Structures are given as C-alpha cells and as structure tokens.
Amino acid sequence: MTDGSVIIVGAGHGGYQVAASLRQSGFAGRVCLINDEAHLPYQRPPLSKAYIKGSAGPESLMFRPEKFFTDQKIELIAGRATSIDRAGRKVHLASGDTLDYGHLVLATGARNRLLDLPNANLTDVKYLRILDESEALRKIIPSKTRVVVIGAGFIGLEFASTARIKGLEVDVLELAPRVMARAVTAEVSEYFQERHREAGIRIHLGVQATSIEAEGGKVTGVSLSDGRHLPADLVVVGVGVLPNIELAAEAGLPVASGIIVDEYLLTSDPNISAVGDCALFASPRFGGSLRLESVQNATDHARCVAARLTGERKVYDGQPWFWSDQGDDKLQIAGLTTGYDRVVLRGDPTKKAFSAFCYRGDKLLGIESINRAGDHMFGRRLLGMDRSLAPDKAADETFDLKSALA
Ligand SMILES: Cc1cc2nc3c(=O)[nH]c(=O)nc-3n(C[C@H](O)[C@H](O)[C@H](O)COP(=O)(O)OP(=O)(O)OC[C@H]3O[C@@H](n4cnc5c(N)ncnc54)[C@H](O)[C@@H]3O)c2cc1C
C-alpha cells in the first residue's frame, strides 16, 4: 500500500487505466495524470481503423467524459513531465510546476520511429500514432489520389486498407520478404498479402524507400532501392516505434529497449513503476524480458500496478492478446508465438476463416485467428489455464475445442 500521492506520467491506455483502477480499488490519496496531448485520454486503435474511415468526432474515442475525472478526483494535468528528482520524490513539469509523489508510474508509451530520408519532413509525409495525426490524415485523404505506405506492419496495413476503401491508389513498401513478418506466421502473412492485393493494393516486398521526391514542397513520389519510382501525392510512414525511456534514463533508472522493471513492474527504485509500451518487464511465464505494444499489455500492467499500490502485491502474469482489423478481416492473436517450430491450420484460408496454431514441439504457444473469434477466445482461455492442445486435435475441425477446456 502506498502513502501519499500517485503521479502518473502519460495519459494513454496504461496511464488512464492506472488512475481508474486505483479509484476502483478504493485508493483515497491524490491521483494525478500528466497528459501531454491536448485531448482527454483516448483509445488509440481506432486511429488507423474506424476513426480514419468515419466521421465521428474525437469525443467518440475518449475513454470517459471529463466529468468522470472530476467525479473520481483524478487530476488531469496538462503538459509534459521533464525530469524526476528521485531523492526528493518530485516530478518537474515543462510549465515549471513540481509535483510531489508517494509513488510514480511511468506510462510514457512510445513515439513514431522517424524516417531518415531526404524530404521526409514535408507536410504530405505523415505518421500515425496520435489523434492529431489521424485527424490530419482524415482531413487530407479526400484531396489525395495516390499514397505510398512505407512499412507493412499492423498500422501500415490498417491504414493502407482504409485508404483503399476511401478510393486512393495504394502502394505498400516492405523491406522484409513478407508483411507483418515480425509478428505473424508466414501463413497469415500470405493470406493478408493476397487479400490486400485482391483489394487493389500493390505490395512491394524486399524493397526500401531511398528517397521521397517533391516539387515545390509537394510530394511527387518515392524512389525504391530496386531503382523503381512510384508516383504519390501522400506518403504514410509506419516503420515502428521507439519507447519513451528518456525521462527514466535521465533519472538514473536502468533502461535498455524499454524501462527495465521486475516481475512486479517496479523499476530499480521502489517508488517508481513503469507500465505499457515503455516497460521492458521480467516475465516468469515467458522466461525473460519482454516489451509488448498492445492494449491488453498496457491495461493489464496498469491493473497489476494499481493492485500493488492498494495492497495486493502480485507478479504480473498477463496472457498476451492482440487484434488488427484490415479491410473486412479481423486478425486476433492469443499468446506469444515467438519461437514456434510448427504451424497447424484449423479452418480454410480460401473460405477467409482459419486459425494458425503455433507450437514449439507439442506445446501450444499461441493462435493467430482470422475471422474465427471462437478459436481466439478458446486460445485465450486454454493458454490462461497453462494448458496445450494436441496438434492433431487442433487440425481436426470435428474436434470440439470446448471439450479441451473441461
Ligand atoms: C494507430 C494505432 C493502432 C493500434 N491498434 C492496436 C490494436 O488494434 N490492438 C492493440 O492491442 N494495440 C493497438 N495499438 C497499440 C496500443 O495502442 C498501444 O500498445 C497502447 O496505446 C500502449 O499504451 P501506453 O499507455 O503504454 O502508451 P500510449 O498509449 O502511447 O500513451 C503514452 C502517453 O504518454 C505521453 N507521454 C510520453 N512522455 C510524456 C511525458 N514526459 N510527459 C507527459 N506525457 C508523456 C504520450 O504522449 C502518450 O500520450 C495501436 C497503436 C496505434 C498507434
């Protein structure tokens, strides 16, 4: 149980959830949420999906209306945290103000990895991480005809399919030999490559953008490492993110590819935790350190920290899951499939509904499901019970998955 104030830096999925869960658990002390975006805390996933497609206003994305924060006595403090005085337990803000903390939670998330190419700073070269960027894209799409998307990860592909639905000519560039290569099996990559091609999106694999061409400050195209040139009046970059670790590092906290925290999500300082995209956490379940970028990870981390701060100290043991919407297809991933050596398909890719069960030996690591929500929910439950399913049963559509949960 902590005494005094809990100060949370960053009001994204993780930061918001720490504040809400603290109040839900009856925490009566001061709770401050430092928010460097000019919006109430909001959901990020729709930014590359429904929000960019639709016409609903920013309020459709907010977790809660302003009244919630007032009623719950969660102080939303606009601005940026600039430094931490660990000895004095103070956070300094860009405004010059200082906040005292009993416990500090770093929920600083991640930022876009920027493209280091000539002309990458032009107005028509866009990124997609925050609401303002999604809003800017939504506004300019109707005036554009041809977009080159750099990076075929989740966000690049989600945006590409939305842009295509909106009537743009779309080219996607990817350095790897297949799309979403770091995150999904070859079977799932192939399925999505085919689906995007059917939708009229041109996917170029194994190539890199070497320069962005422009005339009079307007983007005219992108040159590729194989010598080709693609015309474009818009470039959208989705080449990954960098975790925001600098605040922690400058305060002398250990960092690597994230802010290093133990299995309780505590940094080396017992008064500072880190959650979500910025946290590199020790995972007894997966045997090593992980940094994940997902809503599940950020919100489950947040609940774990809020529980500890209100007296229920437990090891973080969340079961990873994730989703991505691309065109008419919903991809859902249960578990962590890294290190699989065998893939068993259930269902039929030609019918646009199948799951890839990923195994190491006979141990089920995770399931990637396409338009098979039942398989996904099964996977989450089974993996949550630390159980596996024999590969032959996974492949057999007549085998009732529910019986494996009994
Ligand atoms: C377009 C898009 C689509 C996505 N789709 C999905 C999806 O379909 N499914 C899924 O599971 N995940 C998805 N994600 C990932 C998911 O949104 C992130 O994993 C999640 O937002 C992480 O939450 P977080 O709180 O750790 O970080 P964030 O949500 O990034 O919040 C961190 C906040 O901290 C702020 N901040 C940083 N430094 C400071 C400072 N010094 N002072 C004050 N504030 C600071 C940042 O500006 C930001 O507002 C998507 C992400 C994006 C960008």
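Here is how the numbers come out for the structure above:
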| read-out | value |
| --- | --- |
| FRET efficiency for residue 289 and residue 229, using Cβ-Cβ distance with R0 set to 45 Å, rounded to 0.05 | 0.60 |
| Within the chain, percent of DSSP bridges classed antiparallel, to nearest 5 | 60 percent |
| Set of segment 236-270 residues, backbone N closer than 18 Å to the point 7 Å along the Cα-Cβ line of residue 121 | 237 |
| DSSP-loop GluC sites (Glu not before Pro) across segment 303-406, with at most 16 other Cβ within 10 angstrom | 312, 397 |
| The chain, relative contact order [Cα under 8 Å, separation at least 6], % | 15 percent |
| Tail fraction, Cα-Cα pairs, segment 118-239, threshold 25 Å, whole percent | 17 percent |
| Area projected by the alpha carbon convex hull of the chain, averaged over all directions, nm² | 21.0 nm² |
| For the chain, with +1 on Lys and Arg beta carbons and -1 on Asp and Glu, the positive-most of 163, 224, 204 along the dipole | 163 |
| Separation in nanometres of the label points that stand 7 Å from Cα toward Cβ, at residue 386 and residue 59 | 4.8 nm |
| GNM result for the chain, Cα springs below 10 Å: residue of 300, 97, 262 fluctuating most strongly | 97 |
| Simple label model, 7 Å out from Cα along Cβ direction - residue 113 to residue 197, nm | 2.6 nm |
| Overall form of segment 310-400 per C-alpha gyration tensor (a/c, 1.5; a/b vs b/c) | oblate |
| Residue 218-residue 86 FRET efficiency (beta carbon distance; Förster radius 56 Å; 0.05 resolution) | 0.70 |
| For segment 224-293 versus segment 18-41, the gap between their alpha-carbon centres in whole angstrom | 22 Å |
| Estimated inter-spin distance, residue 315 and residue 363, nm [label 7 Å along Cα→Cβ] | 1.4 nm |
| Alpha-carbon centroid distance for the pair segment 103-160 / segment 178-220, whole angstrom | 15 Å |
| Likely footprinting exposure, 13, 92, fewest C-beta neighbours within 10 Å first | 92, 13 |
| 222 nm mean residue ellipticity, helices alone, for the chain (DSSP H n ≥ 4; -39,500 (n - 2.57); rounded to 500) | -6500 deg cm²/dmol |
| Descending semi-axes in whole angstrom, ellipsoid equivalent of segment 19-163, from the Cα gyration tensor | 34, 20, 12 |
| Low-density loop cleavage sites - trypsin sites (Lys or Arg not before Pro) in segment 124-220, where at most 13 other Cβ are within 10 Å (DSSP) | 182 |
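Each reported figure results from applying straightforward, stated rules to the coordinates on display, with no laboratory input. If you're wondering where the values come from, they're calculated on a predicted model, not measured in any experiment. Neighbour counts run over all protein chains shown; Cβ positions are idealised from the backbone, glycine included.
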